[in-house]
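Participant: Quick one: the structure is below, questions incoming.
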């Protein structure tokens, strides 16, 4: 947007400068004509004014054509970015479909994040961007070996480091897309925690963008409620109870409340009764 504004300002200045220079020249000639009281100078001034008007019209036309071409190139670039995004989305869907416990995961997280954004009062565009981000937020896991992602025992230090790097990897893959620029923080920081114990940068509290706090809750909820190689999934009511227990130290309490509204926790409690503390025995690190 700033580049487009600067481009418009620069081309407008060119046209204005040509016009001002031509008019100034014409005024000088006219002043000479008045001073000398000679008809030839008046004629010369009129000719200069006509030439100036013609030059201004030509420059204005060139500027309009330039803007038109730039607009077409900008539109083509956006279409190329959308195509690239759709390719990444299909890659994620194909990879997730290989394992039953990851099938459809990114789309579910995108949907949850979008609905939570609506509950928190974000505008329609912000909510749509959350939906987009959710679908590709873990694209960086492509850099993590399958044996690490599917390991049923505790991850070693090097393996855990490889998993932790996936958020930055996702950011690097997507940062060239201008259509994703507003939502990149959600992708880069969705593993940060409110008390500063998360990764990749140890942000805490309000340092973590709201979009990332929303994504963190949606991502963790989906991970908890679906089977993993090292543990079975929790019932939704227990997963919500676990998220509430880990707030506000780990998760944003408002985002957890938004998720509770989205999942209709009151209805769940009517069916299942009050949430009991989840029996979260010591288990390997979850890759979410």
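Participant: Go through the stretch 86-108 and give me each residue that's more than 27 Å from residue 262 (Cα to Cα) and either under 21 Å from the mean Cα position of the chain (by Cα) or in a loop (DSSP other than H, G, I, E, B) (or both).
Facilitator: Passing the criteria: 87, 88, 91, 98.
Participant: Could you tell me which numbered condition residue 233 fails, if it satisfies all but one of (1) in contact with a helix residue (DSSP H, G or I) (Cβ under 8 Å, 6 or more places away or on another chain); (2) surrounded by fewer than 16 Cβ atoms within 10 Å (Cβ to Cβ); (3) at pLDDT 95 or above?
Facilitator: Only one criterion is unmet by residue 233, namely (3).
Participant: Would you pick out the residues in the stretch 104-161 that are touching a helix residue (DSSP H, G or I) at 6+ places or on another chain (Cβ under 6 Å) and at pLDDT below 90?
Facilitator: Result: 141, 143, 144, 148, 159.
Participant: Of the conditions (1) at pLDDT 70 or above; (2) farther than 30 Å from residue 177 by Cα, residue 74 satisfies every one except a single condition; which number is it?
Facilitator: That leaves (2) as the condition not met.
Participant: If you take the residues in the stretch 185-212 that are under 23 Å from residue 124 (Cα atoms) and out of contact with any helix residue (DSSP H, G or I) (no Cβ under 6 Å at 6 or more places or on another chain), which one is surrounded by the most Cβ atoms within 10 Å (Cβ to Cβ)?
Facilitator: So the residue we want is 208.
Participant: Please determine, by comparing only the residues of the stretch 174-184 that are surrounded by fewer than 18 Cβ atoms within 10 Å (Cβ to Cβ) and part of a loop (DSSP other than H, G, I, E, B), which one is modelled with the lowest pLDDT.
Facilitator: We begin by selecting, within the stretch 174-184, every residue surrounded by fewer than 18 Cβ atoms within 10 Å (Cβ to Cβ); these are 175-176, 178-179, 181-182.
If we keep only those that are part of a loop (DSSP other than H, G, I, E, B) as well, we get 175-176, 181-182.
Numbers: 175: 91, 176: 87, 181: 91, 182: 92.
Among residues in the stretch 174-184 that are surrounded by fewer than 18 Cβ atoms within 10 Å (Cβ to Cβ) and part of a loop (DSSP other than H, G, I, E, B), the one modelled with the lowest pLDDT is 176.
Participant: Quickly run through the stretch 209-240 and pick out the residues that are in contact (Cβ under 8 Å) with a residue 40 or more places away in the chain, within 21 Å of residue 170 (Cβ to Cβ) and part of a loop (DSSP other than H, G, I, E, B).
Facilitator: Within the stretch 209-240, just 226 meets the criteria.
Participant: Quickly run through the stretch 241-258 and pick out the residues that are touching a helix residue (DSSP H, G or I) at 6+ places or on another chain (Cβ under 7 Å), assigned to a loop (DSSP other than H, G, I, E, B) and over 10 Å from residue 213 (Cβ atoms).
Facilitator: Hit for the stretch 241-258 is 247, nothing else.
Participant: Considering only the stretch 259-277, how many residues are modelled with pLDDT under 60 and part of a loop (DSSP other than H, G, I, E, B)?
Facilitator: Looking only at that region, the number is 5.
Participant: What's the number of the condition residue 171 fails, among (1) part of a loop (DSSP other than H, G, I, E, B); (2) under 12 Å from the mean Cα position of the chain (by Cα)?
Facilitator: All conditions pass for residue 171, except number (1).
The values are calculated or read from the model by the stated rules, or taken from the named source; none is laboratory data. Given the structure is predicted, the values throughout are model-derived calculations rather than measurements. Don't worry about glycine lacking a Cβ; one is built from the backbone with ideal geometry, like all the others, and counts go over all protein chains shown.
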